Amino acid sequence: MNKITEEQLLEYISEVGLLEKEHRKYSSFYCWVSHTITQEDVKILAEEGVDASDFLNVCVSRNGMWDDSYGAEWDDATYEKVEEYQELVPEVVIHEHYVTKTRTQEFKPTWN
C-alpha cells in the first residue's frame, strides 16, 4: 500500500468535503472546502490502496474560485490537527457537566 500523495489527498477533500460558495460576479464564486480525515476515511482510502493514516484527525481546507463553466480552481491548502477534549462546566443553573470541544493546531505534512 502506498502513502497518500498531496494530489490524491486534495482531490479526495474536494470530493467529500463541505463546499461553501460566495457569489463574486457573473457565474464566478469564491469557494472553500474542508474536511477532517476520520477513521472511516482512512478505511475507504485503504480499500483503494492508499495509506492516509498519517492524516487521521487532520482538517484539510482549500480555497479558490468556482466558475459554472470551468469548475473549481484551487489556490492553496491548510492542514490543522484536530484534538477533542472535555471541559468541565461548573454548576450555574444546571448541574455541573462536561462538554466536548475541539482545538486545532497547525499540521505540516511531509510528502515523499
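Can you order the peptides 48-54, 81-87 by their average number of other Cβ atoms within 10 Å per residue, highest first? Mind showing how you got there, number by number?
Numbers: 48-54: 13.9, 81-87: 11.6.
Put in order of decreasing packing, that is 48-54, 81-87.
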Query raised in the report: Can you list residues whose amide H is under 5 Å from ALA72's amide H, if they're 5+ apart or on another chain and H is modeled 1.01 Å from N?
Result: ASP67
Requested in this report: Taking every pair of Cα atoms in segment 22-107, average 1/r, invert it to obtain the Kirkwood radius, and report Rg/Rh to two decimals.
Outcome: 1.17
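Readers should treat all values here as calculations from the given coordinates under stated rules, not as data from a laboratory. Nothing here was measured: the structure is a model prediction, and the numbers come from that model. Here the Cβ is made from the backbone with ideal geometry for all residues, glycine too, and neighbour counts use every protein chain on show.
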